[in-house]
1. For region 291-314, give me the residue count where each residue is surrounded by 17 or more Cβ atoms within 10 Å (Cβ to Cβ), touching a helix residue (DSSP H, G or I) at 6+ places or on another chain (Cβ under 8 Å) and outside any helix (DSSP H, G or I).
2. Name, by its number, the condition in (1) at pLDDT 95 or above; (2) assigned to a helix (DSSP H, G or I); (3) surrounded by 11 or more Cβ atoms within 10 Å (Cβ to Cβ); (4) out of contact with any strand residue (DSSP E or B) (no Cβ under 6 Å at 6 or more places or on another chain) that does not hold for residue 64.
3. Which pairs do you get when a residue that is at pLDDT below 95, found in region 157-186, comes within reach of a residue that is open to solvent by 10 Å² or more (accessible area, probe 1.4 Å), reach meaning Cβ atoms under 9 angstrom, with the pair 6+ apart or on two chains?
4. I'd like to verify a number: residues in region 82-120 that are closer than 22 Å to residue 8 by Cβ, among the polar types (S, T, N, Q) and in contact with a strand residue (DSSP E or B) (Cβ under 6 Å, 6 or more places away or on another chain), how many?
5. Within region 193-204, is there a residue that is under 28 Å from residue 329 (Cα atoms), within 11 Å of the ligand (Cβ to nearest atom) and open to solvent by 30 Å² or more (accessible area, probe 1.4 Å)?
6. Sort out which residues of region 226-254 are surrounded by fewer than 16 Cβ atoms within 10 Å (Cβ to Cβ) and within 14 Å of residue 213 (Cα to Cα), and write them in order of number.
Amino acid sequence: MGIRASVSKLQPYTPGEQPRVPGLIKLNTNENPYPPSPRVAEALRQIAAEGLRLYPDPLAADLRAEIAHLHGCAPENVFAGNGSDEILALCTRAFVEPQGEIAWFDPSYSLYPVLAAIADTPARAIPLTNEFRLPPIEVMGLRSVSLMFVTVPNAPTGLAYPRPEIEAICRAVPGVVVLDEAYVDFAPESFADLALRLPNVLVTRSFSKSYSLAGLRLGYAIGPRPLIEALFKIKDSYNIDAIAQRLGIEAVRDQAWMRANADRIIATRGRVADALAALGWKVLPSAANFLFARPPGGDAAGIFAKLRARNILVRHFPGPRTGEYLRITIGTDEQMDALLAALRA
Ligand code: PMP
């Protein structure tokens, strides 16, 4: 009664747990183990409560100018969101007619099917191959797609996709393609150039991973002006609060800090991948800040529970494709040593 049918039957998105357990080694939601830039910390100290009387800039102009500078584009090519999740949701409202189709690859980010269900439009998960690679483009059925989400590099697998295939998908989809680059700073290449060259491509980025600001809720999209303008038309007036606008600027300005942390995480990732392989795990080559790996025997659920009992939290996605794997966020070297010691025990 009173609740839309599509909402009544909706299976909501399940975020990774955020337990407040002392001493917990938290490797389940791909947060960054290192702190945000000292410039962010200093700007936070300088924020006066008095200034919060006023609404923030509805256009987040200074932040968007800083992001535009980073990408060598115009501020009109940049949209800022309350986390990249907000932007993904706005895309389903801006770019899909009631009967338009939303598509994504399976497995990829488990929010996409939920967004499609909320939008109450036809939806299609295009299966990746058994090795979690892209299938041949001819079998993807892209001609009917109004909005396509492609996670690059993919999550939860961590796999990077070849540029020619990504570009071919962008050209084959008649609707809008969102290249979700939440993890791109841990990857060898970005496809941001496609969003500035092709009329139907947006690239989304997150401050939650490489910038160590998951708690701030900030993300952005870059792309062609008409698509960016469409997002502006439908967003909440004040979708980015004043604090996030201010701190986001400092985070973008300190590329050296972000890069150094991402490089440390990449180095740790390589070391842990080798150690897991030596223990007999099948480890997919990762271009992200996590590893997707199958323990010998494939009892991922059992190992998840045993790690949990030792105060180490990783992520398990039940289901036929992913159920034999664990997704392990890369933490500090000490945290990863504790994980490896627990696995050896
Ligand atoms: N895209 C992917 C693929 C993700 O894994 C996540 C994190 N859950 C997001 C987007 C959302 O990130 P944000 O914190 O910027 O909303």
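1. Going through region 291-314 one residue at a time, the tally reaches 7.
2. (4)
3. none
4. We begin by selecting, within region 82-120, every residue closer than 22 Å to residue 8 by Cβ; these are 89, 92-93, 96, 98-99, 102, 110-120.
Checking which are among the polar types (S, T, N, Q) leaves us with 92, 99, 110.
Still in the list and also in contact with a strand residue (DSSP E or B) (Cβ under 6 Å, 6 or more places away or on another chain): none.
Selection size over region 82-120: 0.
5. no
6. None - no residue of region 226-254 is surrounded by fewer than 16 Cβ atoms within 10 Å (Cβ to Cβ) and within 14 Å of residue 213 (Cα to Cα), so the list stays empty.
Residue by residue, here is whether (1) within 16 Å of the ligand (Cβ to nearest atom); (2) touching a Phe, Trp or Tyr at 6+ places or on another chain (Cβ under 8 Å); (3) in contact (Cβ under 8 Å) with a residue 24 or more places away in the chain holds:
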{"site": "10", "(1), (2), (3)": "no, no, yes"}
{"site": "14", "(1), (2), (3)": "yes, no, yes"}
{"site": "21", "(1), (2), (3)": "no, no, yes"}
{"site": "28", "(1), (2), (3)": "yes, no, yes"}
{"site": "31", "(1), (2), (3)": "yes, no, yes"}
{"site": "35", "(1), (2), (3)": "no, no, yes"}
{"site": "38", "(1), (2), (3)": "no, yes, yes"}
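The values are calculated or read from the model by the stated rules, or taken from the named source; none is laboratory data. Computed from a predicted structure; not experimentally measured. Here Cβ is always computed from backbone atoms with ideal geometry, including for glycine, and neighbour counts include all displayed protein chains. All accessible areas refer to the heavy atoms of the entire protein, side chains included, with ligands and DNA or RNA removed. Shrake-Rupley method; radii C 1.70, N 1.55, O 1.52, S 1.80 Å.
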